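One structure below.
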Amino acid sequence: MDLIHTFLNLVAAPLTFFSLCFLMPPYLFYKAFTTIFYTIFKENVAGKVILITGASSGIGEHLAYEYAKKGACLALVARREGRLREVAFIARELGSPDVMMILADVQEAADCRRIVEETMNYFGRLDHLVNNAGISSACMLQEATDINTFRLSIFSCFVYFLYNQDTNFWGSAYTTKYAVPYLRETRGKIIVMSSSASWLPTPRMSIYNASKAALVSFFETLRIELSPDIHVLIVTPSFIESELTQGKLLTKEGIMDIDQDTRDVQVSIIPVETARSCAKAIVNSACRGDKYLTEPSWFRIT
């Protein structure tokens with residue numbers, strides 16, 4: 001057995017390299033063809049039901065507007081009633097035939113179940129689930145004043161998440177769990193907001209980075225398990241205009257606060273894209289049936 005592994009260690013890399021040299025041109029041609037085809041014949045979401053978590057601000061807010069412009073019915077989820085009511089009003093003005101609001105905290109499994117149940121009771125169907133809710137933290141791990149203020153959760157291969165990552169990971173996992181039976185009925189889609197931080201980790205955001213990487217792994221697995229009934233789009237945005245890039249962070253004391261100095265350090269000179277442009281790209285990508293989207297696209301080179 002060791003001899004086999006020694007042989008594979010020697011030949012696997014060069015064989016893979018030469019295989020890619022032959023396979024890359026036809027793959028790129030296929031990719032270009034399918035992109036053009038699905039751009040022309042993309043999904044029409046008019047009258048379909050879209051459930052969006054974290055819809056009161058940032059990307060989630062503008063996703064609601066972009067889907068509304070296409071005539072979709074919306075179930076908007078957030079914790080802040082005032083902001084959510086404003087978003088719902090604008091979405092109706094932009095063309096959504098029906099909008100419902102659900103006040104909920106996706107950190108709670110019971111709330112995630114209720115989100116899906118209320119959507120189904122009201123609309124009777126579900127076509128797109130957009131797992132968008134998320135928050136960020138920024139501090140060096142050794143700076144955390146009390147590690148117990150960041151509640152540990154464990155999932156599968158001992159991936160650890162701190163307190164605020166219940167929203168980033170479990171919020172998407174819970175909601176997807178309860179939505180899957182209804183998405184199967186419509187051969188619907190799951191759109192999940194990960195981050196470029198999942199493959200380009202930055203200091204001070206170790207737990208945030210880990211939660212976003214876990215999202216990618218989780219939904220990559222679901223893509224196989226749910227295929228071909230449910231399509232999965234994994235979105236990895238760079239710095240997008242939102243409360244996160246405006247400095248709203250979980251501090252080392254475990255308190256949500258606005259820290260402009262830390263924001264300036266984290267974002268540095270990287271240009272920040274508008275939430276509107278990002279949301280428009282996501283909705284178009286979902287309607288095309290893409291599997292992955294990095295926004296802005298130039299950030300893939302990193």
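The values are calculated or read from the model by the stated rules, or taken from the named source; none is laboratory data. Keep in mind that this is a model prediction, so the values were computed, not measured. Heads up, the Cβs are rebuilt from the backbone with ideal geometry, glycines too, and the neighbour counts pull from every protein chain shown. Accessible surface is based on the protein model in full, side chains and every heavy atom, while ligands, DNA and RNA are left aside. Shrake-Rupley method; radii C 1.70, N 1.55, O 1.52, S 1.80 Å.
Between Phe89 and Lys42, what is the label-point separation in nm under the 7 Å Cα-to-beta-carbon projection?
Between Lys42 and Phe89, the simple spin-label model gives 3.0 nm.
What accessible surface, in Å², does a 1.4 Å probe find on Met24, ignoring ligands, DNA and RNA and rounding to the nearest 10?
80 Å²
Roughly how many Å² of Arg125 are accessible to a 1.4 Å probe, to the nearest 10?
Rounded to the nearest 10, that gives 90 Å².
With labels modelled as points extended 7 Å from the Cα through the Cβ direction, what inter-label distance (nm, one decimal) is found for Thr302 paired with Thr35?
2.0 nm
If amide H atoms are built 1.01 Å from N in the plane of the peptide, which residues on other chains or at least 5 residues away come under 5 Å of the amide H of Ala72?
Correct list: Gly47.
What accessible surface, in Å², does a 1.4 Å probe find on Ser217, ignoring ligands, DNA and RNA and rounding to the nearest 10?
Solvent-accessible area, nearest 10 Å²: 70 Å².
Can you give the net charge of the other residues whose Cβ lies under 13 Å from the Cβ of Phe219, counting K and R as +1 and D and E as -1?
+3
Between beta-carbons, use under 13 Å as the cut-off and find the net charge around Lys69, counting Lys and Arg +1, Asp and Glu -1.
+2
In nm², what is the average projected area of the convex hull enclosing the Cα atoms of segment 1-135?
Taking the Cα atoms of segment 1-135, their convex hull projects to 13.5 nm² on average.
What FRET efficiency would be calculated for the residue pair Glu185, Arg114, taking the C-beta separation as r and a Förster radius of 25 Å, to the nearest 0.05?
E between Glu185 and Arg114, to the nearest 0.05, is 0.80.
How much accessible area per residue does segment 1-112 have, counting only protein heavy atoms and a probe of 1.4 Å, in square angstrom?
Solvent-accessible surface per residue comes out at 59 Å².
State the percentage of accessible surface on segment 1-97 attributable to carbon and sulfur atoms; use a 1.4 Å probe and exclude ligands, DNA and RNA.
Here it works out to 70 percent.
In nm, to one decimal, how far is the modelled label at Ile224 from the one at Ile4, with both set 7 Å along Cα→Cβ?
Each label point lies 7 Å from its Cα, and together they span 1.9 nm.
Structure shown: which of Lys48/Lys69; Lys70/Lys280; Lys177/Lys291 lie over 18 Å apart, alpha-carbon to alpha-carbon?
Lys177/Lys291
Using a 1.4 Å probe and counting only protein heavy atoms, arrange Phe17, Phe37, Phe299 so the residue with the most accessible area comes first.
Greatest to least solvent exposure: Phe17, Phe37, Phe299.
Starting from the amide H of Ala133, placed 1.01 Å from N in the peptide plane, find each other amide H under 5 Å away whose residue is 5 or more places distant or on another chain.
Excluding prolines and chain starts, which carry no amide H, the hits are Thr53, Gly54.
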